[in-house]
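Coordinate-derived values only; no laboratory data. Since the model is a prediction, treat every value here as computed from it, not as a measurement. Note that each Cβ is placed from the backbone with ideal geometry, even for glycine, and that neighbours are counted across all protein chains shown.
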Amino acid sequence: TSSDASSLLDYGRNVTNGLGRITEGIITSGKGSYVEYADGRKMLDFTTGIGVTGLGHCHPKVSKAAADQCMNIVHVQCSIAFHEPYLKLIKKLLPIMPDPSLDSFFFWNSGSEAVEAALKLARTVTGRQNIICMQGLLFLCSPSSFCAYHGRTFGAMAVTRSKTIYSKGFAPLMPGVFTIPFPFWHQLGQTPDTPESDLVSQCLYQLDLLLTQQTAPADTAAIILEPVLGEGGYVAAPAAFLEGLRAVCDKHGILLIADEVQSGFSRTGKFFAIEYSGVRPDIMIIAKGLANGFPLSGVITRKELTDKLTPGSMGGTYAGNAVACAAACAVVDAMHEENILENVNARSTELFKALNAIKAAHPKHILDVRGQGLMVAVEFASSASPGAKHDAVAAQVGAAMASRVAKKCIERGMLILTTSVYEVVRFIPPLNISAADLTKGTEIFRDAVEEVVR
Ligand code: PMP
């Protein structure tokens with residue numbers, strides 16, 4: 001019961017301090033777009049467990065598929081035998097791949113673990129060591145740095161550039177990591193009016209320089225990026241940038257890794273965000289929305305590449321768990337049957353309209369509304385005048401404001417997160433959210449903004 005749950009709260013002090021939390025209390029249940037706390041609070045959930053429960057909490061088909069699988073077999077270790085949900089999931093994923101060349105799958109538990117596997121794969125199949133990831137030009141940009149996030153394990157942490165909190169005190173990290181800037185005006189010390197093509201060509205020029213001055217193509221295994229920066233601030237990569245990266249990779253035999261952990265599974269209005277560009281990744285990493293809350297991730301690449309792996313060189317005790325795979329099969333089915341993409345695109349239009357209206361009402365405080373589909377961020381600023389350069393002072397004031405707005409939303413009954421050194425409030429509601437609940441969420445946000453700027 002709820003009072004039993006509340007009596008457990010005392011044990012909170014025995015939980016490691018290494019974890020942070022945005023609310024107090026215990027969540028005891030969740031249904032659709034809402035979660036309930038032991039003390040009776042019911043909250044609208046615009047966090048979806050950081051972009052995981054896209055089909056809402058306890059989606060009946062997903063929960064049933066998992067429960068049924070629990071009565072069949074829970075664990076088949078991947079080096080003992082295949083299990084049915086593993087192969088069934090491949091059968092369901094093949095037709096939705098952004099490119100038919102992506103035909104070889106291996107499943108893991110978390111996004112970070114899949115990133116590690118992708119990096120190991122890239123190194124071993126190319127026989128090269130170095131990895132290029134996305135970072136700002138630190139001498140030019142604000143401390144906000146719209147940069148890569150790929151996870152917290154050692155390799156993933158080494159290619160993560162979004163905040164030092166993830167790496168401080170944990171070094172030495174994996175060596176052989178190089179960086180290029182991500183095409184966003186903040187990053188390059190530019191203004192919001194700078195044409196995208198200029199930003200893209202600056203970044204591709206940096207890549208060219210990097211391959212000439214610091215890591216020779218013959219030493220460079222892969223370029224890894226998120227098609228929409230997630231933890232780094234919800235910035236979609238321009239198609240021209242992805243096309244440019246593809247051309248460089250093709251020229252030099254470098255592998256292009258698309259980390260779709262957060263942007264995949266309909267979050268951006270297409271099954272995968274990379275589809276907006278039509279660019280073919282050599283390796284794609286998936287997780288989060290894939291199994292709607294069950295721990296499951298995957299690395300997908302070309303069979304021709306994984307044929308080079310020695311059997312037994314990859315794997316893990318729980319990798320590709322049967323219950324998680326069964327849940328993921330139900331997720332893919334539900335995405336088709338329930339026209340999830342249609343809902344994402346319809347709600348996305350409404351969300352942008354509502355947020356842009358709030359921006360228009362607060363031009364001094366809201367700098368930017370951006371993102372794709374239902375992966376949308378609002379960035380705050382101290383004094384956003386059109387054409388203003390983004391500097392460190394503006395970033396800090398904006399960050400404090402985003403943080404205060406998020407807290408006010410929570411007080412008003414909506415769970416919502418900030419990201420990117422807390423300059424942006426991010427909207428990642430369920431993909432099947434109703435128009436009414438979306439409106440409720442944007443009204444809570446509007447009221448919170450008004451309270452903070454008052
Ligand atoms: N890549 C991206 C793009 C992510 O957003 C995340 C998680 N926020 C990860 C990797 C790491 O995934 P996990 O937390 O499951 O290890």
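Other residues whose C-beta falls under 15 angstrom from the C-beta of ALA287 contribute a net charge of -3, scoring Lys and Arg +1 and Asp and Glu -1. Counted by Cβ distance under 13 Å from ALA435, the other residues give a net charge of -1, where Lys and Arg count +1 and Asp and Glu count -1. Scanning residues 5 or more positions from ILE366 or on other chains, those with amide H under 5 Å from its amide H are ALA381, with H placed 1.01 Å from N in the peptide plane. With neighbours defined as other Cβ atoms within 10 Å of a residue's Cβ, the residues PHE46, PHE272, PHE184 order from fewest to most as PHE272, PHE46, PHE184.
Restricting to bridges with both residues inside the stretch 198-347, how much of the DSSP beta-bridge set is antiparallel, in percent to the nearest 5? Around 45 percent of the beta bridges assigned by DSSP in the stretch 198-347 are antiparallel ones. Within the shell defined by Cβ-Cβ distances under 13 Å, the residues around MET134 carry a net charge of -2, with Lys and Arg each +1 and Asp and Glu each -1. Placing dummy labels 7 Å off each Cα toward the beta-carbon, the span from HIS252 to LYS64 is 5.2 nm.
Counting beta carbons within 10 Å around each of PHE271, PHE241, PHE170, PHE146 and listing the fewest first gives the order PHE170, PHE271, PHE241, PHE146. Taking the centroid of alpha carbons for each part, the stretch 185-238 and the stretch 275-340 are 26 Å apart. Sparsely packed loop sites in the stretch 20-49 (the trypsin sites (Lys or Arg not before Pro) outside DSSP H, G, I, E and B with at most 14 other Cβ atoms within 10 Å) comprise ARG21, ARG41. Extension gain, ALA436 to SER6, is 151.7 nm, computed as 0.36 nm per intervening residue step minus the present C-alpha separation. Based on DSSP H segments of at least four residues, each scored -39500 (n - 2.57), the chain has a per-residue ellipticity at 222 nm of -11500 deg cm²/dmol. Under the criterion of Cα pairs below 8 Å and six or more residues apart, the relative contact order for the chain equals 22 percent. Residue exposure proxy: HIS336, HIS150, HIS362, ordered by other Cβ atoms within 10 angstrom of their Cβ from fewest to most, comes out as HIS336, HIS362, HIS150. Sorting 287-300, 104-117 by average packing, meaning the other beta carbons within 10 Å per residue, from highest down gives 287-300, 104-117.
Out of all DSSP beta bridges in the chain, what portion is antiparallel? Express it as a percent rounded to 5. Looking only at bridges with both residues in the chain, the antiparallel portion is about 65 percent. Shape summary of the chain, radius of gyration then Dmax from alpha carbon positions: 21.6, 64 Å. In straight-distance terms, cross-link reach from LYS353 covers every one of the lysines whose alpha-carbon lies under 28 Å from its own, apart from those fewer than eight places away in the same chain; here that gives LYS31, LYS42, LYS270, LYS288, LYS364, LYS389, LYS407, LYS408, LYS440. Students often forget the sequence filter, so: which aspartates and glutamates lie under 16 Å Cα-Cα from LYS91 once same-chain residues fewer than 8 apart are removed? Once the sequence-local aspartates and glutamates are set aside, what remains near LYS91 is ASP99, ASP103, ASP333.
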